[in-house]
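Take a look at the structure below.
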There are 2 protein chains.
Amino acid sequence: MKERIYPPQTPLRRILLVIAYDGTSYCGWQVQPNGISIQSVLQAAIEDLVGEKIMLTGASRTDSGVHALGQVAVFDTHMTIPQERFAMALNQRLPEDIVIQDSVEVPLDFHPRYQKTSKTYEYRILNRRKALPCQRLYSYFVPQRLDLEKMRQAADYICGTHDFKNFASTKTSVKDTVRTVYSLELIREGDMITLRITGDGFLYNMVRIIAGALLKVGFGQKPPQYIREVLESKERIIPGPTAPAHGLTLMEIRYEEGYGR
Amino acid sequence: MKERIYPPQTPLRRILLVIAYDGTSYCGWQVQPNGISIQSVLQAAIEDLVGEKIMLTGASRTDSGVHALGQVAVFDTHMTIPQERFAMALNQRLPEDIVIQDSVEVPLDFHPRYQKTSKTYEYRILNRRKALPCQRLYSYFVPQRLDLEKMRQAADYICGTHDFKNFASTKTSVKDTVRTVYSLELIREGDMITLRITGDGFLYNMVRIIAGALLKVGFGQKPPQYIREVLESKERIIPGPTAPAHGLTLMEIRYEEGYGR
């Protein structure tokens, strides 16, 4: 990093980035002891541009292999270029698998995790007899027959405000496990089934656990009502195997203030 | 290869494979001095399965970075397993970026390059302001505005039987450069423009040169009639830059006999 000296009167600005990435080659969003994180690659590119040490705060800590179209992160800088120029200047410093979609200045008290949002994820299932090589990194290949109608019935139980404790990884440290799912659609286009879910927030691994549970229903191993049982149970039930990370994409994060994709 | 001894009376069979691959990591279909070819990886897997030295003959020599959903290739073997089992047995021996979609026995005089066919290719153009990381290996990113209506007018000149000599790489060794294009569609879905072309055969780099020429029209650098001029010209005209390989996918090859995808 080539350090720059900004005049003392230069005001601090908070810049919000909307980020798309292919998670295949990374250990996830967050800095980890082993592997390269998306956050650390971004942080290095930003510091190279602005010439200051910065802290990058992301809205969502995506796991290794998870992709994003609309991740959001903020950092503070004294740099004075127009807000939309950060995207272009950073893309020149980033690898091809991380692309800033948009950059905008936000108030200094805007926090990407504490502000009210709606988040949308997509989980893609490739449902055909033989795998497709060009889809292997962006969808979960399921050769078995799936009963989409039953999966849709099961999905209806997920919608609404529930305690999703049984749909969170046991590794979660969060106390409040109540979340609201605004919508959960299952869209079939050819061989591809897309599970599109929007909510006010998601627990650790929640979308992948929901995808795994819906697949269990799709295989006929459990009836759709099983989802309600798991939601209503006071005990800890593991509703099925967690679907693999590479099928998941963080599509968008919308803030009440209008920021985001 | 562990060699197998087949009884002398075992008849020779010709097996046709329908193959999908992600061309990103390969130097193309054909064996090359540098890099690993798809043909050589397949050949090794087949020899490992059948326990005989085999020769694999492909229908189409795709370049480095070009993908396939329905490449066709044949080989001869004495192995006696049911025809459809070759696909599964080979997939267990292949990397994830090469997947056999189908295997079927064909007459011993069936040749994948000399039989009458129709071939379909797709060239994908991602047309939006910012690149998308998960599409970077499977589409050509074009941020400039494109006039799709003019591109469609230009595409109409391509359809039919023409001498496509100006739409072939100068590296081609073929004498007869007359080909018939049955259809050429430009389909827009969101930010993705797919150029879908079907014909009785294509010259070396022909689809990529057509894509490059149509882009020139889309940018407004040439009028749609330019395509007709290039087709009718007696002189050698290079109609535009060859569009990059990674946007191209060999979708299907259909034989009169009914084989293929």
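Below are the figures for this structure:
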| quantity | calculated |
| --- | --- |
| Flag if residue A:138 is within 14 Å of chain B (Cβ to nearest Cβ) and not small (Gly, Ala, Ser) | yes |
| Sole exception among (1) at positive phi; (2) open to solvent by less than 20 Å² (accessible area, probe 1.4 Å) for residue B:249, by number | (1) |
| Residue tally, condition closer than 21 Å to residue A:132 by Cβ and more than 14 Å from every other protein chain (Cβ to nearest Cβ), over the range B:8-28 | 2 |
| Among (1) of a type in the set (S, T, N, Q); (2) loosely packed, with under 14 Cβ neighbours inside 10 Å; (3) farther than 27 Å from residue A:221 by Cα; (4) touching a strand residue (DSSP E or B) at 6+ places or on another chain (Cβ under 9 Å), the one test that residue A:183 misses | (3) |
| Filter result (more than 23 Å from the chain's Cα centre (by Cα) and part of a helix (DSSP H, G or I)) within the range B:228-260 | B:228, B:229, B:230, B:232 |
| Single condition residue A:64 does not satisfy, out of (1) in contact with a Cys (Cβ under 8 Å, 6 or more places away or on another chain); (2) at pLDDT 95 or above; (3) not aliphatic (A, V, I, L, M) | (2) |
| Residue count, the range A:203-236 (criterion: open to solvent by 40 Å² or more (accessible area, probe 1.4 Å), touching a Lys or Arg at 6+ places or on another chain (Cβ under 7 Å) and of a type outside the set (Lys, Arg)) | 1 |
| Long-range neighbours under 8 Å by Cβ, at least six apart or interchain, first residue assigned to a loop (DSSP other than H, G, I, E, B) within the range A:165-184, second open to solvent by less than 90 Å² (accessible area, probe 1.4 Å) and polar (S, T, N, Q) | A:168/A:177; A:168/A:205; A:169/A:205; A:169/A:242; A:171/A:205; A:172/A:205 |
| Checking residue B:196 against (1) open to solvent by 40 Å² or more (accessible area, probe 1.4 Å); (2) farther than 22 Å from residue B:65 by Cβ, the condition it does not meet | (2) |
| Answer from A:99, A:72 - the residue that is under 21 Å from residue A:21 (Cα atoms) and within 14 Å of chain B (Cβ to nearest Cβ) | A:99 |
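The values are calculated or read from the model by the stated rules, or taken from the named source; none is laboratory data. Quick caveat, the model's predicted, so the values are computed rather than measured. Note that we place each Cβ from the backbone using ideal geometry, even for glycine, and neighbour counts take in every protein chain shown. Just so you know, the surface numbers come from the protein's heavy atoms only, side chains and all, with ligands and any DNA or RNA stripped out. Shrake-Rupley method; radii C 1.70, N 1.55, O 1.52, S 1.80 Å.
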